Amino acid sequence: MKHDAQGKDVKLKILNAAKKLFAKKGFEGTTVRQICDEAGVALALVSYHFGGKENVFYALFETFAPSFLQKEYDLADPIDDLKSLIREFALFRLAEPELINLLQQEVMMQSPRLEKVQNIVYALWLQLRAILEAGKRQGQFDYESLRHTVHFVVGTLIFTRNSPFLDPVLQLKEDLSVKEDQEDVIRYTISYILSGLKCSAQ
C-alpha cells in the first residue's frame, strides 16, 4: 500500500509539472527532462509511469477533468441548466487555468493530439448544444445560428483572462491588482451569455 501511495505521489508530481510547463512552453517546447527537473524526479520515471510525454499529456485531461463534464441535464428549465453549466465551467476555469491554456493551444494549433482530448470535452459541448436548442424551442433563448451561438458561448467560457496581453488597455479603466471574487466572475459570465441569447429572465 505504501508503494502504491508513493507511485501515485510521483505520478501527480509529474502531472503537475507537465501541466505547468505545457501551458507555458507548449507540448512541443517541453522536454521530458524539463518535466522531471520541475517535478524533482528521476528521468526514467516518466517512461515507467506513463510510457512517454504524449501519454503524460493525455493523462492530464483524464486526471484533472472534472466530473461535471459527464453531467446530463434534464432540459426542463434550460435557463437554470445553462446557468449551472456556466457556473461549473467557470469554477473549473478558475481552478485549472493551465489546463484551459493548454486546451486553447491545442485547438489553435489543430494538433494531432486534439482528437483524443476532444473525446473528453465533447460531452460538455453536446450538453450545451442540447440546452441551447431546448431553450430556443421553449422561447427562452433567441438566436439565429446554432453554430455561431455555440462558438460564442464556448469562446466566452474558455477565455481565461490570465494572459497579460490586454493589461495595458484594462489598466486605463480598472485596478488589476484587485483580485476578482470568483462569484463576481461567475455572475458576470452568466449575465453576459444570457444577454447574448436575448434572455429576459436573468
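Read the figures in this text as sums done on the coordinates, not as results from a lab. Predicted model, so just to flag it, every value in this text is computed and none were measured. Reconstructed Cβ throughout: ideal geometry from the backbone, glycine too, with neighbour counts over all protein chains shown.
May I ask for the angle, rounded to the nearest 10°, between helix 53-64 and the longest principal axis of the chain, with both axes built from Cα atoms and the value confined to 0 to 90°?
50 degrees
Modelled label-to-label distance, D80 and E115, 7 Å Cα→beta-carbon offset: nm?
4.1 nm
Give me the Debye-computed log₁₀ of I(q)/I(0) at q = 0.11, 0.12, 0.15 Å⁻¹ for the chain, equal point scatterers on Cα only, no solvent, two decimals.
The Cα Debye sum returns log10 ratios of -0.62, -0.72, -1.01.
Anything over 32 Å Cα to Cα? Flag those among K11/K116; K25/K136; K20/K83, in the order listed.
K25/K136
What does the extension gain come out to for T156 and E54, with contour length at 0.36 nm per residue minus their alpha carbon separation?
33.9 nm
Modelled label-to-label distance, K8 and R187, 7 Å Cα→beta-carbon offset: nm?
That separation, rounded to one decimal, is 3.8 nm.
Report the local net charge at N55: Lys and Arg +1, Asp and Glu -1, summed over other residues whose C-beta lies under 12 Å from its C-beta.
Charge balance near N55 sits at +2.
Apply 1/(1 + (r/R0)^6) to the Cβ-Cβ distance of Q70 and D37, taking R0 = 25 Å, and write down the FRET efficiency to the nearest 0.05.
The calculated FRET efficiency here is 0.10.
Helix 97-109 versus the longest principal axis of the chain: what angle, 0 to 90°, nearest 10, using Cα atoms?
80 degrees
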